[in-house]
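Colleague: Sharing a structure here in structure tokens format.
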Amino acid sequence: MIGHYVRRFFGSLSTRPPTPADEAWAATIATPAEYALYARLGNTDRRHLVQGARRVAAELGPDTDVVWVRAALLHDVGKYHADLGVLGRSASTVCAYGFGRVRVQGWSDRAGLRGRFGRYERHDEVGADELRAAGSPEVVAEWSAVHHRPERFATSPIPDAVLVVLDRADH
């Protein structure tokens, strides 16, 4: 788990945008309302999401339901509300480990840095709600809601084999 965060940290230092081809591909995968949620994210998040969605598409193959690719492409849209850069996200993650994720999530209604940490730690739930409001299929919102909660995978309506692929693509 720590190795994942270290790799993610160093990969996040680049502010390079996704390629025009990646952005065009994302626009063909998402509905216009979903794409609007995706497009408001920063370059680092959009690159990560496209990379994961392309992995899901490749691993599940050309006959897969595009809904799983959409789930991979959109699962982090709730991060927008935290408005944190790489260092802020790292600090939020450290706080969540130190104080407990539930406690830090409880800060989400506060102003200032604590509130931003809380919103970052709740990005999964916030994103799921936004995806539902945008008319996404429930399984797309479900992946957003559970992607940091493997203890909920067993009760998820997403097939086990797809959960494995989605989870692997996020790491």
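Colleague: Residue by residue through the stretch 122-141, note down the ones that are out of contact with any Gly (no Cβ under 9 Å at 6 or more places or on another chain) and either over 14 Å from Val77 (Cβ atoms) or crowded, with 22+ Cβ neighbours inside 10 Å (or both).
Modeller: Ser136, Pro137, Glu138, Val139, Val140
Colleague: State which residue pairs qualify: first residue on the phi > 0 side of the Ramachandran plot and inside the stretch 33-56, second residue at pLDDT below 95 and polar (S, T, N, Q) in any location, beta carbons under 7 Å apart, and separation of 6 or more residues or different chains.
Modeller: Partner pairs satisfying both residue conditions: none exist.
Colleague: May I ask you to list the residues in the stretch 3-40 that are within 18 Å of Ser92 (Cβ to Cβ) and at pLDDT 95 or above?
Modeller: none
Colleague: From the list Val104, Val77, Val86, pick out the single residue that is within 19 Å of Leu49 (Cβ to Cβ) and buried (at least 20 other Cβ atoms within 10 Å of the Cβ).
Modeller: Result of the check over Val104, Val77, Val86: Val77.
Colleague: When the residues of the stretch 63-84 are filtered to those that are in contact (Cβ under 8 Å) with a residue 12 or more places away in the chain and either of a type in the set (Phe, Trp, Tyr) or out of contact with any helix residue (DSSP H, G or I) (no Cβ under 7 Å at 6 or more places or on another chain) (or both), which remaining residue is farthest from Gly127 (Cα to Cα)?
Modeller: Of everything passing the filter in the stretch 63-84, Trp68 is farthest from Gly127 (Cα to Cα).
Colleague: Right, something else. Mind listing whichever residues of the stretch 143-163 are under 15 Å from Val69 (Cβ atoms) and either of a type in the set (Phe, Trp, Tyr) or surrounded by 13 or more Cβ atoms within 10 Å (Cβ to Cβ) (or both)?
Modeller: Trp143, Ser144, His147, Ile158, Val162, Leu163
Colleague: Now, a different point. Is there a residue in the stretch 57-80 that is part of a helix (DSSP H, G or I) and of a type in the set (S, T, N, Q)?
Modeller: No: zero hits.
Colleague: When you scan the stretch 150-166, how many residues do you find that are touching a helix residue (DSSP H, G or I) at 6+ places or on another chain (Cβ under 7 Å) and part of a loop (DSSP other than H, G, I, E, B)?
Modeller: Number satisfying all stated conditions: 3.
Colleague: From the list Gly88, Gly100, Gly118, exactly one residue is over 15 Å from the mean Cα position of the chain (by Cα), on the phi > 0 side of the Ramachandran plot and of a type in the set (Gly, Ala, Ser). Which is it?
Modeller: Only one candidate passes the filter, namely Gly100.
Colleague: Determine if the stretch 106-118 includes at least one residue that is aliphatic (A, V, I, L, M), under 30 Å from Trp25 (Cβ atoms) and part of a helix (DSSP H, G or I).
Modeller: no
Colleague: Then there's this: Report, ordered by the first and then the second residue, all pairs with beta carbons closer than 7 Å, sequence separation of six or more or different chains, a first member in the stretch 156-168 that is more than 10 Å from Val56 (Cα to Cα), and a second member that is aliphatic (A, V, I, L, M) and surrounded by 12 or more Cβ atoms within 10 Å (Cβ to Cβ).
Modeller: Close Cβ pairs satisfying both conditions: Ser156/Val146; Ser156/Leu163; Pro157/Val139; Ile158/Val139.
Colleague: Quickly run through the stretch 32-55 and pick out the residues that are hydrophobic (A, V, I, L, M, F, W, C) and either outside any helix (DSSP H, G or I) or in contact with a Ser or Thr (Cβ under 7 Å, 6 or more places away or on another chain) (or both).
Modeller: Across the stretch 32-55, the qualifying residue is only Leu41.
The values are calculated or read from the model by the stated rules, or taken from the named source; none is laboratory data. These numbers were taken from a predicted model, which means no experiment stands behind them. For neighbour counting, all protein chains shown are included, and Cβ atoms are generated from backbone atoms with ideal geometry for every residue, glycine included.
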